[in-house]
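A quick write-up on the structure given underneath.
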Amino acid sequence: MAQARKAVGRTTAKKSEGAGAAKARLSVKTYHNYIDGEWTRASCGETFENVNPADTRDCIGRFPLSTVEDMSRAIDSAKNAADRWRHTPAPRRAEMLFRLGEILMRHKERFAAEMTREMGKVLKETGGDVQEAIDCTYYTAGEGRRLHGFTTPAEMPSKFAMCVRQPVGLCGLITPWNFPMAIPSWKLIPALVCGNTVIIKPAEDTPLSTYNLVKACEEAGIPKGVVNMVTGDGGTVGAALASHPAVRLISFTGSTETGRVVASACAERNAICSLEMGGKNVIIVMDDADVDLAVEGAVWGAFGTSGQRCTASSRVVVHKKVYRKFTQKLVERAKSLRVGNGADPQTEMGPVINADAVHKILGYIETGQREDGATLATGGNRLDAGEYAHGYFIEPTVFSDVAPGMRIAQEEIFGPVTAVIPTNSLEEAVEIANGVRYGLSAAIYTQDVNRAFRAMEEMYTGIFYVNSSTIGAEVHLPFGGTKATGNGHREAGTQVLDIFTEWKSVYVDYSGKLQRAQIDVVEPQ
Ligand code: UN1
């Protein structure tokens with residue numbers, strides 16, 4: 001749960017504002033929570049502002065700064081809707097989701113533009129974010145006619161054994177700002193197709209994209225109470241959701257630190273908890289790699305979404321034989337990237353999300369230079385003049401000659417910063433690559449199939465790419481990571497069904513007599 005940082009707390013009139021600005025603020029739309037099929041204000045009446053990270057003078061909307069009471073009402077609403085939804089046949093539930101997919105497709109352009117405005121990433125990428133939600137919706141809705149269980153022979157004659165999935169119940173979804181429609185969809189759609197009711201608490205920085213998703217659910221005819229959305233401060237409403245005894249499952253994506261707090265709240269009451277957290281992802285570039293291709297992969301992986309993906313390529317481990325060539329080319333490409341407002345189609349990299357992010361990223365850049373003693377090969381500065389004056393812009397930054405143990409090579413920066421680390425061999429590269437606390441995504445660039453498979457086998461990550469960057473996962477394959485990245489679950493694919501259902505093993509004895517498992521052994525005839 002990120003703090004409300006870009007969103008600047010309560011809404012009050014700014015005394016220093018000119019008449020024009022004050023008028024513009026008055027025309028800002030106020031959005032509501034979605035509870036029991038009604039759009040309602042926070043019970044305290046307070047709101048927070050959602051501002052554009054490329055231009056903080058641009059206020060996108062006011063959202064409810066909800067209270068614990070609002071969250072309780074949303075949970076009650078999900079509780080009341082649970083039985084009817086659970087008993088709605090899965091193929092019928094799925095039909096509504098197919099309708100949802102059509103609605104998302106129809107509004108794709110508007111949703112992408114609004115997402116760029118609230119989150120900052122370039123239009124192409126926000127289009128991809130909405131597309132990922134569409135893909136997830138269609139793919140997962142298909143599960144409404146599968147949701148397979150299995151049958152298996154029983155130990156006894158005249159006895160049938162099978163295993164079926166059952167919904168878990170109320171699901172609390174706590175979602176991040178970097179993929180503000182795709183990631184909520186990864187959780188929401190499977191939760192619904194499996195027959196659960198949900199309460200979503202979107203990130204404070206990007207409530208509009210989740211609002212758009214929830215509004216589309218309403219339009220698709222999903223019954224009242226099945227989907228609820230409560231916006232506000234993570235420490236208040238997020239915490240209330242995570243600790244509420246009626247909420248059977250929390251699915252969280254965000255920082256490893258907050259994830260631990262969420263997991264503890266769940267552990268207290270034996271709730272199911274699925275966590276998707278940080279990464280320190282790596283691209284390995286071998287001496288036989290297509291260097292230009294590897295550079296393109298590194299640029300896309302390190303600077304796409306301004307490096308604010310859990311799958312971002314924040315480390316590049318490069319064989320010494322191609323190290324100079326690769327680093328030079330990477331630096332040139334980083335320098336040439338057009339940074340700006342993501343709404344401009346010419347822009348290649350947008351701002352970072354908020355002031356705290358700027359502070360944290362610049363802090364790491366300073367650490368890289370001072371404490372770590374790495375070479376700042378390009379970038380390193382905040383851009384704040386001219387067109388950048390009102391936004392959170394940071395130059396694409398490359399550190400070279402980085403040693404694997406340095407903080408910039410170990411900790412998640414979540415910004416447009418990558419660390420190039422030299423290596424002598426594949427074995428050493430793999431050791432460096434695995435030598436971090438996270439295990440989300442890794443990639444290798446090589447022409448040698450043996451090396452590619454060796455690295456695939458040895459990398460302890462949830463995702464692995466050959467001759468492609470560390471980002472760009474597709475929705476029909478499981479998504480998630482090892483070590484501090486997660487707690488063993490996988491979203492997306494059919495594997496996500498294991499989060500949102502629980503198995504029920506069913507035994508049917510039609511022998512008409514008592515048959516004791518493990519005791520009444522039937523001899524072969
Ligand atoms: C994230 O990195 O936070 O694989 C999610 C990707 C996207 C999802 C990323 N499909 O890059």
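Observations
- Across the chain, C-alpha contacts under 8 Å between residues 6 or more apart give a mean separation that, scaled by the residue count, equals a relative contact order of 18 percent.
- Annotation: lysines with alpha-carbon distance below 22 angstrom to K79 (same-chain offsets under eight excluded): K187, K201, K215, K224, K504.
- Dividing the summed -39500 (n - 2.57) terms of all DSSP H runs of n ≥ 4 by the residue count of the chain sets its mean residue ellipticity at 222 nm at -11500 deg cm²/dmol.
- Ellipsoid semi-axes in whole angstrom, largest first, where each is sqrt(5λ) of the Cα gyration tensor of the chain: 40, 33, 18
- Note on region 233-368: Rg/Rh from Cα positions, Kirkwood definition for Rh, rounded to two decimals, is 1.10.
- Semi-axes of the equivalent ellipsoid for region 361-512, Cα gyration tensor, largest first, Å: 39, 22, 14
- Leading residue at positive end of dipole, the chain (Cβ point charges), from I60, G120, S441: I60
- Kirkwood Rh, angstrom, region 282-466 [1 / mean 1/r, Cα pairs]: 16.4
- Charging the Cβ of each Asp and Glu at -1 and of each Lys and Arg at +1, and nothing else, the dipole of the chain about its Cα centre rounds to 1000 debye.
- Selected from I250, L477, I35, residue furthest toward positive end of dipole (the chain; charges at beta carbon): I35
- By the rule of a C-alpha distance below 16 Å, with chain neighbours fewer than 8 residues away ignored, the aspartates and glutamates paired with K280 are E257, E411, E412, E431.
Every number here is computed from the coordinates shown, using simple stated rules; none is lab data. What you see is a predicted model; the values in this text were computed from it and never measured. Because the Cβ atoms are built from the backbone with ideal geometry, glycine has one as well, and the counts that use them run over all protein chains shown.
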